[in-house]
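What follows is one structure encoded as structure tokens, with my remarks underneath.
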Amino acid sequence: MRTITFFFFSALLSTLCAATNEPIVENPKPTWETQLQARTFQFSVPAPRGQITDRNGKPLAQTRVSYNLALQFPTPLLMSDEKARLFAKQYITFAQGTLKHPITISDQAIVNHYRHRGLLPLDLIEDLSPEELVIAQRGISPYLTVRPTYFRYYPQNSLASHLIGYTGRQAPLSTRLIENKDFLFPETEGREGIEQVFDSQLRGRPGNFFVTYDQAGKKSSERTAQSPVPGNSVITTIDQDLQSLCEKVLRENCKRGAMVFIDPTSGEILAMASQPGFNPNAFIPVVNPKVFKQLTKDPDVPLLPRAFRSAYPPGSAFKTVVGVAALESGLIGPNDTFHCPPTFDVGNVTFHNWKKVDAGKLNFVQAFTQSCNTWFYQCGLKIKAQPIIDWAHRLGLGRRTGIPLKAEAKGNIPDDTYMLRVQHRRILPGDIANMSIGQGDILITPLQAAQEMAIIAAGGIFHQTRLVKQIQSPDNKVIAAYPDRLRANLEMDPNVLSTLREAMVDVTEDAQGTAHRAQAPGIHVAGKTGTAQWGPTNKQRTAAWFIGFAPADHPQYAFAAVYEGEPGDNNVHGGSQAAPLIGKVLQQLFTKQKETPTIMKAIPVASPNNSTNNPLPVPSPDQSTEEDLSN
């Protein structure tokens, strides 16, 4: 590492010292009078950003050395503006012809640089290709030099892009006169995701070195005062293989959607995918305007992290909450039955079941398995709204999870306060009926839904949902740790949990279940489908859900998937679109576990600077929610 560091600084200093020939002396401009006196400049060198890795130390974001072709003006700086412009144009033309690479730089930019920052190289081409670098390093001209800089690099391209985020230049280099501690090249800062939230930890400490000029303006000496210290690394809870699998399934099976997997025993997020995604490398060193316009104008909004920044009506997936509230209240028992007709009247409003036939009398497990709306209308009206609201909040819905990412959606669980503010009335029986099937003003995020499933899978133990495990220094010392933390113990009745688990398994395995396509060979999958509409009537979309956990008898994974349908498409359902997404992941996940058994919790301390890929030089009331029985 010391050798590489020495090489980096040697190359940097060589760049500054490259030009020694003197041009024709002109009468100096007053602006440069200070440059004709003996002076020592202290220059700052940005530090390489620390890595972002998955739970096993696999790199998701790194820093690499990039090489720029730069023009070094000769000292002393005695040319007129016109002479400096012609001098630069001569070598720019030469470089373009030699490297076959277009160079666009205005005359004014050349003159401004020469007047104010002529001691420093003027970058002509950023991030030379390997072929260009070979040619440039041969020494195509004494004034055209190659100088190393640091660039951010995302080795997995678009993988986990919404979580990692991206970086951008903090600010362009100043065009004023050089001052002490000016940076040799711009620092970068996090603009989204983990890159933004943990920017101060990732950034590191700049280095500096001194360059001395004599009274004639010629360089007389230089010395390194301090090497930059690389930033700390952020170790996430993400499993790169599972994240990759989730993104692949989403990419191949839907235009827009999201999927989240959580370890219910610890609250750690193992995968959190949004479709479509984007490649953060497109933002390095600066985003291409055409690429940015394409991303921002895309109607599918690829920059939107749907998993945690979009909230949807949950539809029948919310029946897990209603079931818990009903059974825990004691007002509904496992064997209590309600008639399940095609329609049910609340006052002068008719509410519908998704089935067009009478299903007869059903108990909770049967009604949950078949997702009978009219059963749940009656259930909700019997227990009233408050138990449903209370249990929704206790299970983490309508509240941010607290993950360290900005703009996490809160969602919404409507209560009297909300209804008075928005509808200017309290909750009415029709609102309760809507709430009982996850409609009305209820909104939740895929992340919240997966968190809810993790709590139920853990028997009511609410582990704080986490995305980051720890912060490590370049020498692998733990700077900050975020261990498992119990957020609440909901003290759920074991009999309630057993009944709910039975019902959720029947959803995937019973002949009348709605999610046969979520099955995985050799394990029992517990889950619940949901289908709900949202948006203006003429552009209404359908959100298809599947949430649950697996294996049902000893849960390793809690999950949620959302499939966004096209506007006006009425053939989108939780059972036919969302359940298969989870099924495809589980099938591969458990097949792989049988072939190569792994223990998800055996997480080694990552060694982010030892990666072979790391080139760092230093470390409406009628809301029918039809389910699909296809298998």
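No value in this document is a laboratory result; all are computed from the given coordinates. All values derive from a computational prediction rather than experimental measurement. Every residue, glycine among them, receives a Cβ derived from its backbone with ideal geometry; neighbour counts consider all protein chains shown.
Some points to look at:
- Sequentially through segment 421-436, phi angles give Karplus couplings (6.51, -1.76, 1.60; θ = phi - 60°) of 6, 9, 9, 6, 7, 7, 5, 10, x, x, 5, 5, 4, 4, 4, 5 Hz, Gly and Pro residues having no value and appearing as x.
- Straight-distance crosslink candidates among lysines, where the alpha carbon sits under 28 Å from Lys100 and sequence neighbours closer than 8 are dropped: Lys83, Lys89, Lys290, Lys293
- Mean Cβ count within 10 Å, highest first, over the residues of peptides 256-262, 332-338, 514-520: 256-262, 514-520, 332-338
- The chain - mean residue ellipticity at 222 nm from DSSP helices (-39,500 (n - 2.57) per run, n ≥ 4, rounded to 500): -9000 deg cm²/dmol
- Amide H contacts of Phe183 (H built 1.01 Å from N, under 5 Å, at least 5 apart or other chain): Ser44
- Sequentially through segment 89-102, phi angles give Karplus couplings (6.51, -1.76, 1.60; θ = phi - 60°) of 4, 4, 7, 5, 4, 5, 5, 4, x, 6, 9, 6, 10, x Hz, Gly and Pro residues having no value and appearing as x.
- Percent of C-alpha pairs per 10 Å bin, segment 35-158, short to long: 11, 35, 30, 16, 6, 1
- 3J(HN,Hα) from dihedral phi, segment 337-344, Karplus parametrisation 6.51/-1.76/1.60, rounded to Hz, x for glycine, proline: 10, 10, 6, 10, x, x, 9, 8
- Coarse-grained scattering of segment 228-370 at q = 0.19 Å⁻¹, given as base-10 log I(q)/I(0) from a Debye sum over alpha-carbon atoms: -1.20
- Summarising the amide proton neighbourhood of Val229: residues at separation of 5 or more, or on other chains, whose placed amide H is nearer than 5 Å comprise Arg205, Gly207.
- Cross-link partners of Lys384 among aspartates and glutamates, defined as those whose alpha carbon lies under 15 angstrom from its own and excluding same-chain residues fewer than eight positions apart: Glu328, Asp415, Asp416, Asp431.
- DSSP-assigned coil residues among GluC sites (Glu not before Pro) in segment 460-540, each with at most 10 further Cβ atoms within 10 Å: Glu491
- Amide H contacts of Glu268 (H built 1.01 Å from N, in plane; Pro and chain starts excluded): Asp263, Arg466 sit under 5 Å, all sequence-distant by 5 or more or on other chains.
- Enclosed volume per residue, in Å³, of the convex hull spanned by Cα atoms of the chain: 172
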